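Only one structure is covered here, and it is reproduced in the block below.
Just so you know, all these numbers are worked out from the coordinates, no wet-lab data involved. Worth saying up front: this structure is predicted, and the values here are computed from it rather than measured. All Cβ positions, glycine included, derive from the backbone under ideal geometry; neighbour counts span all protein chains shown.
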Amino acid sequence: MKKAFTRTPRSARNFALAILLAASPAVVAGAQVSDQDAAEQRLWCPCGCNQSLGECNHIGCPSAGPMRAEVTTYLDEGLDVDAVLARFRDKYGPDILTVPSTGTWFDLAAWILPFAGLVAGIGGAGLYVRRFRRRWRSNRPDDPAADAPAATEFGTRIEDELADFTPED
């Protein structure tokens, strides 16, 4: 009987483990996002392309180049990403941000109300179904034999017709 799986030699397994461990810092370092990219991804390009500032790829876009330079200038001044976003929000308005802030009660309500409406809708539908089931159960006849006369009438009629039926060979 053949084995379905063969054992790999210990040296090959250790070599593969060493490669994975050596490559993991490079993967982690590649996954880190710079402050420039983080800020650009959280800002809309105002040229009307419906892309973030970091993704706007229009040739000769009148907005993307100067705004990217402005982000770089703010970051070179020592501002963090949130401060850069606050400056852009103050300069261009709250519509420039790809993700609305939660600083005011109105912004917080804009985040919470859709989920609250969803929960309320599901709860209301559940209550309606529960009420409907109660009403349906109360209208149901208590005696299941109430439908029996019709069933037995058709059953006897079928039995009589089958008795009269003689298949031709």
**Item:** R133 versus D80: modelled label distance in nm, points set 7 Å from Cα along the beta carbon direction
**Value:** 5.1
**Item:** Per-peptide average of other Cβ atoms within 10 Å, ordering 112-118, 41-47 highest first
**Value:** 41-47, 112-118
**Item:** Kirkwood-based Rg to Rh ratio, region 33-101, C-alpha trace
**Value:** 0.93
**Item:** Inter-site label distance for Q41 and V119 at 7 Å from Cα along Cβ, in nm
**Value:** 2.9
